[in-house]
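Participant: Let me give you the structure first, and then I'll get to my questions.
Bear in mind that the values in this text are calculations on the coordinates, not laboratory data. What you see is a predicted model, and the numbers here were worked out from it, not measured in a lab. Here the Cβ is made from the backbone with ideal geometry for all residues, glycine too, and neighbour counts use every protein chain on show.
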Amino acid sequence: MKSYPGALQGLVEQLMKLPGIGRKTAARLAFHMVRMPGEDAEKLAAAIINVKNRLALCSFCQNLTESDPCPLCRDTSRDAHQLCVVEYPADVASIENSGAFKGRYFVLHGTLAPMQGLGPDDLRLEKLRRIVVEQKISEVVIATNPTVEGNATALFLSRFLQPLGVHLSRPACGLPVGADLEYMDPVTIRKSLDGRGPL
Ligand SMILES: [Zn+2]
């Protein structure tokens with residue numbers, strides 16, 4: 001391994017902790033940062049600290065927010081009886097961009113992954129159940145990604161929520177198998193949500 005000056009080495013090691021960033025990319029980014037104007041480097045550092053200090057989870061939908069409840073949960077023009085369950089905050093942003101859904105959300109922050117020890121408690125499913133009952137939710141759209149893990153989680157959720165007598169639906173298969181909602185175009189998301197079917 002190449003030996004960099006301590007400060008640079010420290011930056012490379014921190015960047016390597018980011019998803020999808022290997023040693024080579026981390027070094028390239030680090031060298032770019034060394035060449036950055038000081039002002040830009042300070043803005044980048046401040047932006048990272050800001051998201052850590054200012055963002056928290058909405059106590060209702062668990063989306064990332066600067067105010068609790070989040071703006072989506074506070075919006076009284078939205079349908080309070082429809083709930084869309086997604087894996088990550090980025091999925092909420094993608095669905096909002098599509099304009100196809102006007103209800104509330106619930107963010108799981110992952111999928112069930114027994115091999116990694118991720119169970120129903122980690123996804124706060126008891127809280128989801130409570131919201132469905134207390135908010136008198138009439139439809140739950142299970143919009144986990146159409147991946148193996150996302151489909152398994154959807155199946156688990158449908159069994160988990162069925163006893164509550166709520167209408168359960170899943171976006172139509174217009175969503176490509178194995179794809180991530182986060183990277184899909186708004187038109188595909190809108191079509192698949194419009195054509196959602198019962199689970
Ligand atoms: Zn919220």
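Participant: To the nearest 20 debye, what charge dipole does the chain have about its Cα centre, counting +1 at the Cβ of each Lys and Arg and -1 at the Cβ of each Asp and Glu?
Facilitator: So the magnitude is around 200 debye.
Participant: Leaving out same-chain residues fewer than 8 places away, which aspartates and glutamates sit with a Cα under 13 Å from that of Lys102?
Facilitator: By straight Cα distance, Lys102 reaches Asp75, Asp79, Glu139, Asp194.
Participant: Count the net charge of all other residues whose Cβ sits under 13 Å from the Cβ of Glu139, scoring Lys and Arg as +1 and Asp and Glu as -1.
Facilitator: Working: positive: Lys102, Arg104, Lys136, Arg170, Arg196; negative: Asp79.
Net of charged neighbours comes to +4.
Participant: In the stretch 6-54, what is the volume of the convex hull around the alpha carbon atoms, normalised per residue and reported in Å³?
Facilitator: Hull volume over Cα atoms, normalised by residue count, gives 78 Å³.
Participant: Describe numerically, in nm with one decimal, the distance between label points set 7 Å from Cα along Cα→Cβ at Arg23 and at Ala113.
Facilitator: 2.5 nm
Participant: Along each of the three principal axes of the Cα atoms of the stretch 45-116, give the extent in whole Å, ordering the values from largest to smallest.
Facilitator: Reported extents, whole Å, longest axis first: 38, 35, 23.
Participant: For the pairs Lys52/Lys191; Lys24/Lys52; Lys17/Lys52; Lys52/Lys127; Lys43/Lys127, flag any whose C-alpha to C-alpha distance is greater than 28 Å.
Facilitator: Values: Lys52/Lys191 35 Å; Lys24/Lys52 26 Å; Lys17/Lys52 16 Å; Lys52/Lys127 24 Å; Lys43/Lys127 37 Å.
Pairs exceeding 28 Å: Lys52/Lys191; Lys43/Lys127.
Participant: Next question, about the same structure. Looking at the calculated P(r) for the stretch 43-189, what percent of the C-alpha pair distances fall above 22 Å?
Facilitator: Details: 4240 of 10731 pairs.
That fraction is 40 percent.
Participant: Quick check: Cα centre of the stretch 23-51 to Cα centre of the stretch 75-144, how many Å?
Facilitator: For the stretch 23-51 versus the stretch 75-144, the Cα centre distance is 34 Å.
Participant: Something else about it: Would you be so kind as to identify which of Ser67, Leu83, Ser98 lies farthest towards the positive end of the dipole of the stretch 60-198, taking Lys and Arg as +1 and Asp and Glu as -1 on Cβ and the Cα centre as origin?
Facilitator: Leu83
Participant: Return one number: the angle in degrees, 0 to 90 and rounded to the nearest 10, between the long axis of the Cα atoms of helix 38-54 and the longest principal axis of the Cα atoms of the chain.
Facilitator: For 38-54 against the chain, the angle is about 30 degrees.
Participant: Do you know the relative contact order of the stretch 44-188, to the nearest whole percent, from alpha carbon pairs under 8 angstrom that are 6+ apart?
Facilitator: It comes to 23 percent, rounded to a whole number.
Participant: Moving on. Lys and Arg at +1, Asp and Glu at -1: add these up for the other residues within a Cβ distance under 14 Å of Lys102 and post the number.
Facilitator: -1
Participant: Next question. What is the extension gain from Glu13 to Asp40, computed as 0.36 nm multiplied by their sequence separation minus the C-alpha to C-alpha distance, in nm to one decimal?
Facilitator: Taking 0.36 nm per residue and subtracting the Cα distance, the gain is 7.7 nm.
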